[in-house]
Amino acid sequence: MELTDLTARALADGYKAKQFSVPDVISAYLQRIEAENPKLNAYLEVFDDARAAATVAQERIVRGTAHPLTGVPIAVKDNILINGKRVSAASKMLENYTATYDATAIKKLKDAGAVFLGRTNMDEFAMGSSTEHSAFGPTRNPHDTARVPGGSSGGSAAAVAAHLAPIALGSETCGSIRQPASLCGLVGFKPTYGAVSRSGLIAMGSSLDQIGPFARTVADAELVFNTIRGCDPLDGTTLEDYSEGVAKNKKIGVPRSFVNDAQPETKVVFEKKLTELAGKGYDIVDIELPSAPYALPAYYIVMPAEVSTNLARLDGMRYGHHVDGMNLLDEYKKSRAEGFGPETRRRIILGTYILSSGYYDAYYRRATALRSIIAADLARAYETVSYIATPTAPGPAFKIGEKADPVSMYLEDIFSAPANLAGLPSISVPMGTVARDGKDLPVGIQFMTPKRTDATLFSVARDTLGEA
Amino acid sequence: MAVTTDDVKKLAELSRLALSEGEIEKLRTEIDSIVSYIDAVQKIPLPEGVAPSPHLDITNVMRDDVVAHEGQAHSDALTAQFPDRDGDYLRVKKILG
């Protein structure tokens, strides 16, 4: 077994037992990244101070004051600020931007002694489901390099799947952790909205954004989540600390008519996994979520409205890509047109349309009301069941360039949207594979539970993976 | 309702994006197709008294309006990224005629 095959938990055990040191592990990862990253483009930058950080972590382990993540390497999505490091959101707009402070999640990981390996590729400003919308080229799926890793946190997913990191941070506005986890065969967790501080996460849709982990085991995902979570004075939407009980029963609700939108092969794998869970003592019941099909269109109203607002600050004046023009307005317009890529421009225009006078009531107000209806529908379902399960994405990884039409790309997130709109926690875990072009490609099952019940998701996820 | 070329030109102006005629036309067809998709929200009846937000469990956070750090504490890090500067000042194009 290679050092790069070990989980975060196994690394901590190995450090404690003096089987290997942090510098050994970091060297192994840096070598593997050098060999494999050119094929995948998972990392945009590998940090040159990783070896120095490894030495510091090793000293802490020797002193006996280690946290379970001390010396554990981690990859970070390129929209999460690490003081003094470049952070570009995979955009030409912020290509040369240097973070001036640590995101709260990063600060917590630094306190724990984790070692940052580098920043990972993503769809520009986290807008996309394939990582093809990066200004720095697409990331490729380690299971088949002709295919996408999913997105928008595709670089983080590809890095963990290819063993270029044991764990990674991603961020999710709608499916951007769970869908790439599904397409790359990983565990991906989207916490309850407000569980993890958004301070230092480059904003996309502020009422939806949430940072979360990628890992190869449920235990590792849980460890990262428990390290980065918590109320933060720098993010007014973070929740007071909450304790989570155990699930009230072992009922898993399946919204059958909604699940029908998945590809036939995905549904076969999904049903097989449900049967397996029934064998483990879970009770699988049919539920109705009549508003679920409206979640994605509602999301494509709320999100662009928030995008056009959040990205208004990027005008090339104080930082970011700047183009000289005839006058100030001309400079704004040229800097923004040149700095933003096509998908970002598309969503800004769409958001501006949705928020236009006369359309506000028809779109934004209606979509916001729909969020409440969806949340109420879900709450009704949770009166009888503890979990709701669907496939994470309609199908396995698709080919690079396959979904050129924006709406076909948006449909990748059909099953993700309800959890994001209602602020619920949700986890994706591998459920099996689907064959495409002679390759077995991973697909994931996702579970959702009520707000503030994140821990119960880890327990059903462990049972699904057969993890102790 | 179809999105027109003039609509997109106006939206580009409001969004402060300098777009070519070709891009405007491409965006017109794309935005039109996306708007047809999101129009699905018009089909679902909204009951009376629906909650205005799914995040009603979050309370507003207030704090005193005071300076939270010493003056100049972050100035150097921030001004270092100005595209054009004059000392600690950000230099921009003339604003008033």
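Of the listed requirements (1) facing chain B (nearest Cβ under 7 Å); (2) buried (at least 20 other Cβ atoms within 10 Å of the Cβ), A:S335 misses just one: (1).
Condition check ((1) surrounded by 15 or more Cβ atoms within 10 Å (Cβ to Cβ); (2) facing chain A (nearest Cβ under 7 Å); (3) of a type in the set (S, T, N, Q)) across all residues:
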site	(1), (2), (3)
B:A2	no, no, no
B:D6	no, no, no
B:K10	no, no, no
B:R16	yes, yes, no
B:S20	no, no, yes
B:E23	yes, no, no
B:R28	yes, no, no
B:I34	yes, yes, no
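Considering the stretch A:403-421, and only residues there that are surrounded by 19 or more Cβ atoms within 10 Å (Cβ to Cβ) and closer than 12 Å to B:I34 by Cβ, the residue that is nearest to the other protein chains (Cβ to nearest Cβ) turns out to be A:P406.
What about B:D65, is it out of contact with any strand residue (DSSP E or B) (no Cβ under 8 Å at 6 or more places or on another chain) and within 8 Å of chain A (Cβ to nearest Cβ)? The answer is no for B:D65. Which pairs have Cβ atoms under 8 Å, sit 6 or more apart or on different chains, and link a residue in the stretch A:226-253 that is of a type in the set (G, A, S) to one that is exposed (fewer than 13 other Cβ atoms within 10 Å of the Cβ) and modelled with pLDDT under 95? Note: pairs meeting the criteria are A:G230/A:D241; A:G236/B:N60; A:G236/B:V61. The residue that is surrounded by the most Cβ atoms within 10 Å (Cβ to Cβ), counting only those in the stretch A:16-59 that are of a type in the set (K, R) and touching a residue at least 60 places away in the same chain (Cβ under 8 Å), is A:R32. Answer yes or no as to whether A:Y363 is in contact (Cβ under 8 Å) with a residue 60 or more places away in the chain, over 15 Å from A:E306 (Cα atoms) and facing chain B (nearest Cβ under 10 Å). No: the conditions fail for A:Y363.
Flag: A:D220 does not match the condition of being of a type in the set (D, E, K, R), farther than 25 Å from A:E2 by Cβ and crowded, with 24+ Cβ neighbours inside 10 Å.
Restricting the first member to the stretch A:433-461 and to residues that are within 14 Å of chain B (Cβ to nearest Cβ), and the second to residues that are buried (at least 24 other Cβ atoms within 10 Å of the Cβ) and aromatic (F, W, Y), the beta-carbon pairs closer than 8 Å and six or more apart or on different chains are A:M448/A:Y387; A:K451/A:Y193. For the stretch A:157-173, the criterion of being closer than 22 Å to A:T453 by Cβ, hydrophobic (A, V, I, L, M, F, W, C), assigned to a strand (DSSP E or B) and touching a helix residue (DSSP H, G or I) at 6+ places or on another chain (Cβ under 6 Å) is satisfied by no residue at all. Looking at A:F340, is it under 24 Å from the mean Cα position of the chain (by Cα), within 13 Å of chain B (Cβ to nearest Cβ) and either touching a residue at least 40 places away in the same chain (Cβ under 8 Å) or crowded, with 22+ Cβ neighbours inside 10 Å (or both)? Considered against the rule, which asks whether it is under 24 Å from the mean Cα position of the chain (by Cα), within 13 Å of chain B (Cβ to nearest Cβ) and either touching a residue at least 40 places away in the same chain (Cβ under 8 Å) or crowded, with 22+ Cβ neighbours inside 10 Å (or both), A:F340 comes out as yes.
The set of residues in the stretch A:115-137 that are surrounded by fewer than 24 Cβ atoms within 10 Å (Cβ to Cβ) and in a loop (DSSP other than H, G, I, E, B) comprises A:E132, A:A135, A:F136, A:G137.
The residues listed here are B:G71, B:G49; of these, the one that is over 24 Å from A:R318 (Cα atoms), loosely packed, with under 14 Cβ neighbours inside 10 Å and small (G, A, S) is B:G49. The residues on offer are A:G316, A:G279, and the sole one that is over 18 Å from A:C174 (Cα atoms) and touching a helix residue (DSSP H, G or I) at 6+ places or on another chain (Cβ under 6 Å) is A:G316.
Among the criteria (1) under 17 Å from A:P142 (Cβ atoms); (2) surrounded by fewer than 14 Cβ atoms within 10 Å (Cβ to Cβ), the one A:D13 does not fulfil is (1). If the condition is being buried (at least 23 other Cβ atoms within 10 Å of the Cβ) and under 30 Å from A:D440 (Cβ atoms), then the stretch A:347-395 contributes A:Y387, A:I388, A:A389, A:T390, A:P391, A:T392, A:A393.
Picking from residues in the stretch A:323-332 that are surrounded by fewer than 20 Cβ atoms within 10 Å (Cβ to Cβ) and of a type outside the set (S, T, N, Q), the one that is farthest from B:K93 (Cα to Cα) is A:V323.
The values are calculated or read from the model by the stated rules, or taken from the named source; none is laboratory data. Treat the numbers as computed from the prediction; the structure is a model and nothing was measured. Cβ atoms come from the backbone with ideal geometry, glycine included; neighbour counts cover every protein chain shown.
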